[in-house]
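The structure under discussion appears below in the form of structure tokens.
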Amino acid sequence: MSRVLSADWVLPVEGPPIEGGAVAIQDGRIAAVGRASDLGSGTHYPDAVIVPGFVNAHTHLEYAVYGGFGDGLADFADWITLHIQRKGRIGWEQYVDVARLGAAQCLQSGVTTVGDCSYSGATAVACADLGLRAVVYLEVFGADPAPALEHFAETREHVDSFFSDRVRPGISPHAPYSVSLDLYRACAELGLPTATHISESPAEISYLVNGEGPWGAYTDLLVPHPGTTGTRLLAGHDLLGPDVIAAHCVMVEDDEIELLAATGTGVAHCPRSNAALGCGVAPLAELRAAGVKIGIGTDSPASAPSFDFFEELRSVILSARARARRPSVLSAAAALELGTLGGARALGLDTEVGALSEGRRADLAVISLAGSSYVPVEDPAAAVVFGGSPGCVVATYVDGELRYEKGGTDWHELTAAAHSARRAMLAVPPAARPVAAPRA
Ligand SMILES: [Zn+2]
């Protein structure tokens, strides 16, 4: 089956913007990208821009309703205790309900691919249900490889029927302060795509290097501090590489940036999460200059406020410009590239997605600029990045299939189910009336 979508602008990302552009789709792939005058108008979206679907390189969809949990708590012990208490109040079905809401919010924000770290595996179910492309990195923790890999095998088995070409399995040894070197090695031996968290906070660095700080009390018995940073430790044991994506990388020195670049390791840059948790601002300009493969991640509402990818793109630009004290350090077009093709590269999916070109998967978002202060359009990338929001997303396609349509996809039941899980976690009585009443 073939069809054509057209709009005022098409931003292929790999190649210059096309005014009056169109994308031809056949069997879930892009058959051609060009002018509507050549390809036909097909389904025409007025006042809109067609972009490659955003690639959200680091998420935890199963934390979609954790907004505000522990916000501002300085003491890590209090923060983690609160999260453990609340998580314990819900079960598997509710994990899936929450992850479904996370997947829906991503599609609503123009995201077509996520790199998701999931402890329960609920993300695989949610992404399969909603048609969101994903690498689901099943999380493992601890010092002893045997029980951790047993947990991994059980979780993978539990959700195995939800994996496909679109929703692929991976593994996530959580972080160098919560996972031993032995467990990292055992994970690497599985040969799966891998995600981890590196150099996120000052507390992490001080624990790993000196055994000091708030992490010490929680991890000392579990995972001994190695006397060096996560990047140096993993690189020194051949545990970084093109199949690995590292979230955060806020506190990295020049030699660590070189190690990330030389090993071809992907980095998921999450500026809102890093700012909200008081971790700092990652050296994005330095990472880019070194040639590190960088994508953008929203992380989850457990730290950043939302899966709103437009807010994340703006934060990428604002934090990079503030850090460098130079507005030319990152353009809107460069941020858009990081949020699409950059993320696809970091996840190892760039031959399939990340740009609009013949042969790639037809993953794309249609963004309306109607009412934006960026019209009439001077720079379409700036209009999307600075002027866009989930409310501007008209349609999101994955594999050429419409997975979200403004006004046509409501997700009332799904939202109500996720809210009910949040109420259970907050341990408050149900609201007197439905939170998401169906529209008349
Ligand atoms: Zn994370």
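Miscellaneous remarks
- Convex hull of alpha carbon positions in segment 381-423: directionally averaged projected area 4.6 nm².
- Neighbourhood net charge (13 Å Cβ-Cβ; Lys/Arg +1, Asp/Glu -1) for ASP144: -1
- Fluctuation leader among THR123, THR351, THR415 - the chain, Gaussian network, Cα springs under 10 angstrom: THR351
- Scaled against 2.2 N^0.38 Å for its residue count N, the alpha carbon radius of gyration of segment 286-344 is 1.11.
- Each Lys or Arg adds one and each Asp or Glu takes one away; over the other residues whose Cβ falls under 14 Å from the Cβ of GLU200, this sums to -2.
- Per the Cα gyration tensor, segment 47-178 maps to an equivalent ellipsoid with semi-axes of 25, 20, 14 Å, ordered largest to smallest.
- Building the convex hull from the alpha-carbon atoms of segment 171-226 and averaging its projection over directions returns 3.6 nm².
- Note on SER161 and ALA370: their simple-model spin labels are 4.2 nm apart, each label 7 Å out from Cα toward Cβ.
- Gain in span if fully extended, ASP182 to LEU82, counting 0.36 nm per residue against the direct Cα distance: 33.0 nm
- Volume of the Cα convex hull of segment 1-109, divided per residue and given in Å³: 157
- Summing Lys and Arg as +1 and Asp and Glu as -1 over all other residues whose Cβ lies under 10 Å from the Cβ of GLU14 gives a net charge of -1.
- Between GLU157, GLU311, GLU401, the GNM of the chain built on Cα springs shorter than 10 angstrom shows GLU157 fluctuating the most.
- Percent of Cα-Cα distances greater than 16 Å, calculated over segment 209-291: 57
- Between THR409 and ALA32, the distance separating the two model label sites (each 7 Å from Cα on the Cα→Cβ line) works out to 2.8 nm.
- Value of Rg to Rh for segment 132-194, rounded to two decimals, is 0.98; Kirkwood radius and Rg both from alpha-carbon coordinates.
- Distance between the pseudo-spin-label points of ASP75 and ARG3 (7 Å out from Cα toward the beta carbon): 5.6 nm.
- Averaging Cα coordinates gives a centre for segment 1-71 and one for segment 204-276; these two points are 34 Å apart.
- Of the residues HIS248, HIS83, HIS197, the one that moves most in a GNM of the chain with alpha-carbon contacts below 10 Å is HIS83.
- Relative to its Kirkwood radius, the Cα radius of gyration of the chain gives an Rg/Rh of 0.96.
- All Cα pairs of segment 293-390, percent lying beyond 21 Å: 38
- For segment 291-309 versus segment 147-179, the spacing of their alpha-carbon centroids is 21 Å.
- Computed [θ] at 222 nm, helices only, for the chain once each DSSP H run of length n ≥ 4 contributes -39500 (n - 2.57): -10000 deg cm²/dmol
A short reminder: the numbers here are calculations on the coordinates, not readings from a lab. Computed from a prediction, not measured in an experiment: that's the story for all the values here. Neighbour counts run over all protein chains shown; Cβ positions are idealised from the backbone, glycine included.
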